[in-house]
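Data block below; observations after.
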Amino acid sequence: MKSSRFIVTTILVILGISFPSTASTFDPSPLFEQVNNYQTTITTNGDRADIYYPDTVESSNFPVALLLQGALVDKADYTDFASTVASYGFVVIVPNHFQSFPEFGSEGLFAEVSQIDDVLTYVEAENSNSTSPLEGIIDTDNLALLGHSQGGAVGLSAIGNYCLPRICNGEFTRSEEIVAGIFYGTYLQDFNTGEFLAIDNDSIPLGLISGSVDGVTTPDEVVTSYDLVQDSPKALITLEGANHYGITNEDSVRDPLRPNLDQDIANETIARWSGLFLRASIFNDKDAFDYVYNTGDARDDNVRVISQTKPVPEPISAISLFALGIFGFACQKIR
């Protein structure tokens, strides 16, 4: 038995796969009990925005998490989600960004990639602004991206360093400050051709969350984009019973499918996994990492996770496996 265990363990190590923890005392609850918020204007582009940040007397540098809204979804619909993510140690910024598309006869709230550099410039100024609630508490070197639906596609395109029609006006180059992204109910494709696009994330941790009864962005579409994420670490988190608007305060009839999961539970679950994914990615929080990539889905009845934390190596040949078996057997004999 020992030799068999040795062989299996060796193979898994070579493949970059680890055994999940058998037990965990980690509490995945928020780190901060209270979250402050206020309304303001992003001075660099004129967007009205809601900002959420932990209420603490301790001196801290909180990374910024920019939430890119879903198409036609007002920032006020994300108050519960944004508050929960902020309680994991982030300054969450939720802008309302207006765009007009005369060629399509539409206008309204639509995210675009230019918001990322605008927000980066804004928070750098706020961090040294003596009249700002954010003075001295922002980690301006680390920016996380959150997103819903069309806003998630904007986030994916930014991490993939694309400038695509309808979500990028002019030019765009991915900012060095972007260090992680996790998005709900989204995928990335060329809007003109319908082609799903490879996402060269350059080892930036990337997570996708999908509702199992999403009638706007199907789970298969999310899986397709997950498979096209080029580098690990990456995670695909499926929330059973949630539809396209599980991330918002209330459900919406714009998704033809009704959720089977209580809205408050869906919202909290999406926010918890998003907050822990960002903590694992930015703070190198080992407990959060273990929860996201190893133990969390076993502890959360509503969630299924597939993930990859290391590059997939070349396939091991049958001869190599045989050699490993002989080696394990020899080790057992020596004992």
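The values are calculated or read from the model by the stated rules, or taken from the named source; none is laboratory data. A quick note: this is a predicted structure, and the numbers were derived from the prediction, not measured. All Cβ positions, glycine included, derive from the backbone under ideal geometry; neighbour counts span all protein chains shown.
Residues being outside any strand (DSSP E or B), over 26 Å from LYS310 (Cβ atoms) and out of contact with any helix residue (DSSP H, G or I) (no Cβ under 7 Å at 6 or more places or on another chain): count how many of those fall in segment 173-214.
Of the residues in that region, 9 qualify.
For segment 83-111, enumerate the residues that are surrounded by 24 or more Cβ atoms within 10 Å (Cβ to Cβ) and either charged (D, E, K, R) or not in a strand (DSSP E or B) (or both).
Listed by number, the residues that qualify are VAL85, ALA86, TYR88, GLY89, PHE90, ALA111.
Considering each of ASP227, ASP262, ASP251, ASP290 in turn, give the residue that is surrounded by 16 or more Cβ atoms within 10 Å (Cβ to Cβ), among the charged types (D, E, K, R) and free of Cβ contacts under 8 Å to residues at least 60 places away in the same chain. Before the answer, list the steps.
Details: ASP227 fails: surrounded by 16 or more Cβ atoms within 10 Å (Cβ to Cβ); ASP262 fails: surrounded by 16 or more Cβ atoms within 10 Å (Cβ to Cβ); ASP290 fails: free of Cβ contacts under 8 Å to residues at least 60 places away in the same chain.
On inspection, the qualifying residue turns out to be ASP251.
Conditions: (1) in a loop (DSSP other than H, G, I, E, B); (2) modelled with pLDDT of 95 or more; (3) farther than 19 Å from ASN127 by Cα. GLU33 meets all but one. Number of the miss?
(2)
Looking only at segment 112-121, filter to residues that are assigned to a helix (DSSP H, G or I) and not charged (D, E, K, R); which one of those is nearest to LEU164 (Cα to Cα)? Give the steps one after another, and end with the answer.
Applying the first criterion (assigned to a helix (DSSP H, G or I)) to segment 112-121 yields 114-121.
Still in the list and also not charged (D, E, K, R): 114-116, 119-121.
Details: SER114: 12, GLN115: 14, ILE116: 15, VAL119: 20, LEU120: 21, THR121: 22 Å.
Residue satisfying both the conditions and the ranking: SER114.
State all residues of segment 36-61 that are crowded, with 16+ Cβ neighbours inside 10 Å and within 15 Å of SER132 (Cα to Cα); if no residue qualifies, say none.
Listed by number, the residues that qualify are ASN37, THR40, ILE42, ALA49, ASP50, ILE51, TYR52, TYR53, PRO54.
Scan segment 122-169 for residues that are in contact with a helix residue (DSSP H, G or I) (Cβ under 7 Å, 6 or more places away or on another chain), of a type in the set (Gly, Ala, Ser) and assigned to a loop (DSSP other than H, G, I, E, B) and report the count.
Selection size over segment 122-169: 1.
So for segment 32-48 (the condition being within 27 Å of THR217 (Cβ to Cβ) and within 22 Å of the chain's Cα centre (by Cα)), does at least one residue qualify?
No, the conditions are met nowhere in segment 32-48.
Of all residues in segment 38-82, how many are in a strand (DSSP E or B), in contact (Cβ under 8 Å) with a residue 60 or more places away in the chain and either under 16 Å from LEU109 (Cβ atoms) or not hydroxyl-bearing (Ser, Thr, Tyr) (or both)?
Taking segment 38-82 first, the residues in a strand (DSSP E or B) are 38-42, 47-54, 62-68.
Add one more test, that the residue is in contact (Cβ under 8 Å) with a residue 60 or more places away in the chain, and what stays is 38, 42, 47, 51, 53, 62-68.
Now restrict to residues that are either under 16 Å from LEU109 (Cβ atoms) or not hydroxyl-bearing (Ser, Thr, Tyr) (or both): 42, 47, 51, 62-68.
Of the residues in that region, 10 qualify.
Quick one: which of GLU135, GLU177 is of a type in the set (Asp, Glu) and either buried (at least 21 other Cβ atoms within 10 Å of the Cβ) or without any contact (Cβ under 8 Å) to a residue 40 or more places away in the chain (or both)?
Values: GLU177 fails: either buried (at least 21 other Cβ atoms within 10 Å of the Cβ) or without any contact (Cβ under 8 Å) to a residue 40 or more places away in the chain (or both).
When all the criteria are applied, what remains is GLU135.
Can you say whether ASP190 is among the acidic types (Asp, Glu), within 24 Å of ILE209 (Cβ to Cβ) and either at pLDDT below 95 or surrounded by fewer than 24 Cβ atoms within 10 Å (Cβ to Cβ) (or both), as far as the supplied structure shows?
Values: among the acidic types (Asp, Glu): yes; within 24 Å of ILE209 (Cβ to Cβ): yes; either at pLDDT below 95 or surrounded by fewer than 24 Cβ atoms within 10 Å (Cβ to Cβ) (or both): yes.
Taking the combined requirement at face value, the residue satisfies it.
Is there any pair with a first residue in segment 148-164 that is at positive phi and a second that is basic (Lys, Arg) whose Cβ atoms are under 6 Å apart and which are 6 or more apart or on different chains, and what are they?
The qualifying pairs are ASN161/ARG174.
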